[in-house]
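Structure record follows, encoded as structure tokens.
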Amino acid sequence: MSNSIGERIRLTIFGESHGSVIGGILDGIPAGVELPLEYIQEKLNLRKAKGSISTSRQEEDVPTFLSGIHQGYTEGNAIAFILKNKNVQSKDYELHKPRPSHADYAAYEKYFGYMNLAGGAIFSGRLTAAFVVGGAICQKLLEDKGVYIGSHIKRLYRFQDRSFENYEKDIQKLSRLNFPVLDSSISKTMQEYLLKIKEEKDSIGGILETAVVGLPVGLGDPIFDSLESNLSKILFSIPAIKGVSFGLGFDFAQYKGSEVNDVLFYEKGKVKTKTNHNGGINGGLSNGMPLVFHTVVKPTSSIGLVQETIDLQTQTNTTVEIQGRHDPAIIHRVRPVVDAVTAFVLLDAYLKREQECLWQNSV
Ligand SMILES: Cc1cc2nc3c(=O)[nH]c(=O)nc-3n(C[C@H](O)[C@H](O)[C@H](O)COP(=O)(O)O)c2cc1C
Ligand SMILES: C=C(O[C@@H]1CC(C(=O)O)=C[C@@H](OP(=O)(O)O)[C@H]1O)C(=O)O
């Protein structure tokens with residue numbers, strides 16, 4: 001079913017943007033893991049809409065845990081949680097006029113008109129709050145093993161941030177930033193431009209660059225369960241993500257093998273590669289170098305300008321002027337979601353690898 005994902009750990013998501021709650025169930029997390037609720041809340045707060053550069057829909061986004069966590073530790077059973085939807089304004093939506101580039105028309109046909117699509121229903125970015133709760137739990141477990149994840153806005157429309165220089169330090173810096181940009185002067189320019197775009201009733205997109213350090217060699221599987229396959233699947237489950245690439249990605253096309261092969265060498269008994277053009281994955285398996293990938297986030301489809309569309313009632317061409325509260329860009333709010341789903345896939349792979357190592361050591 002499309003509402004659940006994962007092998008050794010499993011995440012199920014439910015709810016709608018304008019229903020009473022959204023929520024999730026995370027199953028397969030071992031007992032006895034210290035899990036401060038503040039840690040999860042910190043990650044959720046990074047996704048929260050803040051100031052004029054985000055949607056003005058204000059949600060508390062404090063999860064209620066129904067099972068699985070007791071006195072700050074995991075209990076070993078399913079971790080079930082809900083987040084309330086309080087600030088809902090369904091009257092903003094003209095449901096017979098599908099919004100260009102949103103899911104409205106395709107979803108109307110898919111569900112034969114039965115789904116209440118106000119607020120984008122299950123297609124809304126709102127559901128990603130539940131991804132963050134599930135993923136933050138996985139992120140905490142990975143950090144306990146020395147694995148750290150961080151993403152920054154590499155590009156917002158025409159503005160470019162610097163790349164990762166010192167992965168560990170940069171990831172640490174990003175964990176403290178609401179607007180995750182490594183070069184602080186560019187960060188200011190980007191946020192100012194976002195305000196201008198909002199005034200113009202328009203929207204912009206961009207590229208997130210994600211890095212993961214501390215991964216052991218051998219996570220993942222070949223063929224269908226490659227790390228690239230599993231990461232791509234979950235990353236594309238985030239609304240508005242339209243591209244994922246690993247390492248040099250599409251830029252590989254412009255180089256010779258001799259220019260981009262990552263040559264191996266020993267450093268103090270540890271195998272490394274001199275470059276990391278493959279972004280830490282070979283054959284679908286982690287190779288011990290930092291995992292590096294990019295995701296592209298499209299410009300928010302709901303813009304306040306008048307746009308052409310159709311009227312499903314009269315079956316005529318018409319125009320729509322979208323009302324309501326929308327993000328002029330969502331990339332800064334997508335960042336903790338990307339980190340969360342990355343943690344989910346990596347923890348799943350990590351738990352499998354632990355089993356493989358146990359078996360190897362026992363024979
Ligand atoms: C955190 C988050 C917030 C979003 N906010 C909006 C929004 O305010 N308005 C909008 O039109 N789309 C928003 N989106 C994107 C839409 O949900 C998405 O474009 C839509 O479901 C169609 O899916 P697709 O773009 O993947 O094809 C948001 C997505 C995320 C992840
Ligand atoms: C509520 C959130 O974002 C929403 C995502 C969204 C969409 O179309 O994806 C559209 C807007 O919904 P509404 O019209 O109900 O205000 C955003 O506010 C959130 O991210 O928590």
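The values are calculated or read from the model by the stated rules, or taken from the named source; none is laboratory data. Given the structure is predicted, the values throughout are model-derived calculations rather than measurements. Methodologically, a virtual Cβ is constructed for each residue, glycine included, from the backbone with ideal geometry; neighbour enumeration extends over all protein chains shown. We work out accessible area using only protein heavy atoms, side chains counted, and drop any ligands, DNA or RNA first. Shrake-Rupley method; radii C 1.70, N 1.55, O 1.52, S 1.80 Å.
A few comments on the model shown:
- Within the full protein context, the accessible area of Asp144 is estimated at about 90 Å² for a probe radius of 1.4 Å.
- Sites Gln172 and Val217, calculated FRET efficiency, Cβ-Cβ separation with R0 22 Å, nearest 0.05: 0.40
- Ordered by solvent-accessible area of protein heavy atoms (1.4 Å probe), largest first, the residues Cys138, Cys357 come out as Cys357, Cys138.
- Relative contact order for segment 4-362: 22 percent, from Cα pairs under 8 Å spaced at least 6 residues apart, divided by residue count.
- Neighbour-limited loop hits for GluC sites (Glu not before Pro), segment 115-178 (at most 13 other Cβ within 10 Å; DSSP other than H, G, I, E, B): Glu165
- Within a straight-line Cα-Cα reach of under 20 Å, Lys173 can be paired with the following aspartates and glutamates, leaving aside sequence neighbours fewer than 8 residues apart in one chain: Glu38, Glu42, Glu143, Asp144, Asp161, Glu165, Asp183, Glu209, Asp339.
- Between segment 91-156 and segment 307-359, the alpha-carbon center distance in angstrom: 4 Å
- With DNA, RNA and ligands ignored, accessible area of Ile25 (1.4 Å probe; Å², nearest 10): 60 Å²
- Cross-link reach list, lysines versus Lys201, counting only Cα pairs under 27 Å and skipping chain neighbours closer than eight places: Lys48, Lys50, Lys86, Lys91, Lys97, Lys154, Lys188, Lys242, Lys298
- Net charge contributed by nearby residues that have their C-beta within less than 11 Å of Phe164 (K/R +1, D/E -1): -1
- Loop chymotrypsin sites (Phe, Trp or Tyr not before Pro), segment 10-119, which have at most 15 other Cβ atoms in a 10 Å radius of their Cβ (DSSP): Tyr111, Phe112, Tyr114
- Amide H within-cut-off set for Asp327, under 5 Å, with H built and near neighbours excluded: Thr55
- Most simply put, the chain has about 100% antiparallel DSSP beta bridges, counting only bridges with both residues inside it.
- Computed with every protein chain present, the accessible area of Val296 is close to 60 Å² [probe 1.4 Å].
- Relative to the longest principal axis of the Cα atoms of the chain, the long axis of helix 331-362 lies at roughly 30 degrees.
- Couplings for segment 137-152, taken from phi via the Karplus curve 6.51 cos²θ - 1.76 cosθ + 1.60 with θ = phi - 60°, read 4, 5, 4, 5, 4, 5, 4, 4, 9, x, 9, 10, 10, x, 10, 9 Hz in order; Gly and Pro are left as x.
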